[in-house]
Amino acid sequence: MHIKVEVSKAELESMGCHSIDEFKTRFESQLADGVVTAAGRAADEWLCSFAIAVQSDAKQSNDSPFKKHRAKVLGHYGTADWLRVVVMAMWNGNDNRVGLSKLTNLDREHFAAFTEMVSTYHRMGEADPAFMAIAEEVKERIAEEARAADKEAKFREWLDDATDCLREQGKHADLATDRYTWFWGRFNAGDTPESAAASCPPYENS
């Protein structure tokens, strides 16, 4: 069965739809879940499979706020960190909580991003592919940052041991900080603190 729907831009706006795709998603859901016969039979019990074609004088837009503001959400600054928490709270509010006191510090651009994303999620939930895509990106970003933090913590512990080894070997302990990058390389290469301290060149005037 083929269903053809004609809807005007004004009608889309009156229904709170920002795009033809959003209207189509909501309309399909309504047909599948909301149409009930007088006998109380739901649509999925009696309605045959169907395809919907939507025509409109409205310009089609694929710019979901989650796509539009992706760079802000995945940025490397404080407000971007908070926006990622917002996205995760929408994706799974039980495991991800977000504090809203940050709202008072948002500039106009980031407040607009916040309100647009929340409004779209209110209307579409997980039916917006752009939301699901950025949620996966945010999850991976959080996991990556957790791995990096764990590695940094392990390096700090390793470097403390290497500093003790420098002292025991009669070398300046400051070598551990002055040659931080060199020790980081030895840590990544799998050296023990003892071997790294032993192979670290002393100061030239030592």
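Values quoted throughout were computed directly from the atomic coordinates according to the rules given, and no laboratory measurement underlies them. Everything numeric here is computed off the predicted structure, so don't read it as measured data. Glycine gets a Cβ as well: all are built from the backbone with ideal geometry, and neighbour counts include every protein chain shown.
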Label-point separation, Ser14 to Val118 (7 Å along Cα→Cβ), nm: 2.9 nm
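On full extension of the chain, what length is gained from His76 through Ala173, given 0.36 nm per residue of separation minus the C-alpha to C-alpha distance?
31.6 nm
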What distance in nm lies between label points placed 7 Å from Cα along the C-beta direction at Glu194 and Lys4? 8.3 nm
Could you tally up the Lys pairs in region 100-206 with alpha carbons closer than 25 Å? Skip any pair fewer than 8 positions apart unless they're on separate chains. 4
May I ask you to derive the FRET efficiency for Glu28 and Ala149 from their Cβ-Cβ distance with R0 = 45 Å, giving the value to the nearest 0.05? 0.55
If one computes the Cα centroid of region 190-204 and of region 120-185, what distance in Å separates the two points? 23 Å
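Residues with beta-carbon under 12 Å from that of Ile142, excluding Ile142: net charge, scoring Lys, Arg +1 and Asp, Glu -1?
Computed value for this residue: -3.
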Fewest-first ranking of Glu194, Glu144, using other Cβ atoms within 10 Å as the exposure measure: Glu144, Glu194
If one builds a Gaussian network model of the chain from Cα atoms under 10 Å apart, the most fluctuating residue listed among Val138, Val87, Val54 is Val54
In 10 Å bins starting at 0, how do the alpha-carbon pair distances of region 146-199 split up by percent? 27, 58, 14, 1
Dipole in debye (nearest 20) - the chain, about Cα centre, beta carbon charges: Lys, Arg +1; Asp, Glu -1: 460 debye
Percent relative contact order for the chain, counting Cα pairs under 8 Å at least six residues apart, stands at 16 percent
Can you match percent of Cα pairs over 30 Å apart to one of these, (i) 21; (ii) 52; (iii) 40, based on a calculation from the structure here? (ii)
Any idea which of Ile20, Ile142, Gln169 is furthest toward the positive side of the dipole for the chain, if Lys and Arg beta-carbons carry +1 and Asp and Glu beta-carbons -1? Ile20
In 10 Å bins starting at zero, report the fraction of Cα pairs in region 65-142 per bin as a rounded %. 19, 60, 21, 0
Full-extension gain in nm, Ser101 to Glu157, via 0.36 nm per residue minus C-alpha separation: 16.6 nm
